[in-house]
1. For region 1-128, treating each Cα as an identical point scatterer without solvent, what Debye log10 I(q)/I(0) comes out at q = 0.10, 0.19, 0.20 1/Å?
2. Mind checking the full-extension length gain between residue 194 and residue 293? Use 0.36 nm per residue of separation minus the Cα-Cα distance, one decimal, nm.
3. Relative contact order of the chain, please, whole-number percent, based on alpha carbon pairs below 8 angstrom and at least 6 residues apart.
4. Determine the shape class of region 128-274: with a ≥ b ≥ c the square roots of the Cα gyration tensor eigenvalues, call it rounded for a/c under 1.5, and otherwise prolate if a/b is greater than b/c, oblate otherwise.
5. With r defined as the distance between the Cβ atoms of residue 204 and residue 45 and R0 fixed at 51 Å, what FRET efficiency is calculated, to the nearest 0.05?
6. In whole angstrom, how long is each semi-axis of the equivalent ellipsoid of region 59-185, when you take the square root of 5 times every eigenvalue of its Cα gyration tensor and sort them from largest down?
7. Averaging over all projection directions, find the projected area of the Cα convex hull of the chain and quote it in nm² with one decimal place.
8. What value, in deg cm²/dmol to 500, does the helix sum -39500 (n - 2.57) over DSSP H runs of n ≥ 4 give at 222 nm once divided by the residues of the chain?
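The values are calculated or read from the model by the stated rules, or taken from the named source; none is laboratory data. The structure displayed is predicted, hence computed values, not measured ones. Every residue, glycine among them, receives a Cβ derived from its backbone with ideal geometry; neighbour counts consider all protein chains shown. SASA here: full protein model, heavy atoms, side chains in, ligands and nucleic acids out. Shrake-Rupley method; radii C 1.70, N 1.55, O 1.52, S 1.80 Å.
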Amino acid sequence: MKLKGGVIGLGKMGISHAAIVSPHPLVDMTAVCDTSSIVLDVFRKFSRVKLYSDYVKMIENENLDFVIIATPTRFHYPMVKFALERGLNVFCEKPFCMNAIEGNELEHLALQKGLINQVSYHNQFVGTFREMKRLLKARVIGDLVHFTGEAYGNVITSDKGGTWRSDPEEGGGCLLDYASHVINLIQEIIGRPVKTGGSVMKKIFSTKVEDAVYSMLILESGLSGLLSVNWCDETYRKMSTSLMVQGKKGKIISDATEIKIYLNEANAKEKLDKGWTIKYITELAIPVDFYLRGEEYSAQIDHFIRCITDKKQTDINSFEQALYTDKVIGLIISDSKK
């Protein structure tokens with residue numbers, strides 16, 4: 001029997017998730033929910049799913065196995081809580097919550113209920129970043145010395161207009177929307193930050209939220225590095241995220257398209273020559289049946305569905321992991337106010 005799923009929030013990411021879930025062989029896409037009558041009319045015309053403008057009614061009326069929540073961040077807490085209390089497995093867009101207090105309650109509730117939970121930090125399913133994590137674990141560049149985590153894009157390029165992303169009460173701002181991706185990558189690939197320093201949240205075009213975030217992060221191991229994120233950079237066509245890690249035996253640089261490894265000496269076990277080696281996403285991507293925007297978007301949904309069918313929660317993009325990212329965000333906010 002197929003799993004019955006629903007999607008709450010039909011913006012860019014919600015529609016993407018719905019498009020990936022609909023053809024999934026293990027899922028019956030049952031219902032969608034959004035407050036926009038225009039969006040619902042499109043689904044009414046081109047699909048057979050049941051339509052709702054009230055997520056409470058959708059969850060109460062449909063016997064769902066899971067729900068995908070892709071609304072602005074401020075709605076995550078009440079929606080995720082309601083779904084968990086009704087016994088639904090939950091896939092939630094990032095960032096997890098507006099603050100760690102909310103996230104901590106939801107993480108404990110999911111654990112108490114024994115429900116599968118996942119947050120959409122899709123970069124964890126990008127082959128190049130996964131390869132970087134593997135190589136660092138294998139210590140191919142020896143003891144680590146320094147790291148940088150960066151993301152740049154052209155989300156805000158003028159002081160006119162705005163969406164929920166420019167409203168702090170909606171969960172907008174560069175820190176939650178952009179920098180959270182980089183923080184999450186750093187904590188899972190290099191190590192978990194426990195302290196921040198010199199944090200700056202800078203307005204460029206926006207008046208209510210920050211457009212750039214800069215901070216020094218200190219990890220559990222004592223390793224320090226830099227976070228640099230700016231969503232007002234017109235030199236980028238779309239969001240570009242990258243990590244660089246310097247070690248005593250070399251350096252690794254990775255983004256979503258390639259990973260570059262520099263070694264002082266050759267590593268026969270990993271078949272890496274002295275000097276530079278470049279591997280491309282084409283040889284590292286996770287195989288998926290349905291491609292939309294990138295393999296990672298389908299791969300994360302596949303992982304969530306597999307966890308439900310196997311009845312086994314993993315630590316990949318779990319509520320606990322996403323909650324830690326929220327805690328680091330809190331550290332940066334506090335540090336920036338000093």
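1. Computed log10 I(q)/I(0) values: -0.29, -1.07, -1.18.
2. Values: separation 99, 0.36 × 99 = 35.64 nm, distance 3.34 nm.
Working it through step by step, the gained length comes to 32.3 nm.
3. 19 percent
4. prolate
5. FRET efficiency, residue 204 to residue 45: 0.80.
6. Its equivalent ellipsoid spans semi-axes of 29, 23, 12 Å.
7. Details: hull surface 70.5 nm².
For the chain, averaging the hull's shadow over all directions gives 17.6 nm².
8. Details: 10 runs with 110 residues, N = 338.
Helices in the chain give a 222 nm mean residue ellipticity of -10000 deg cm²/dmol.
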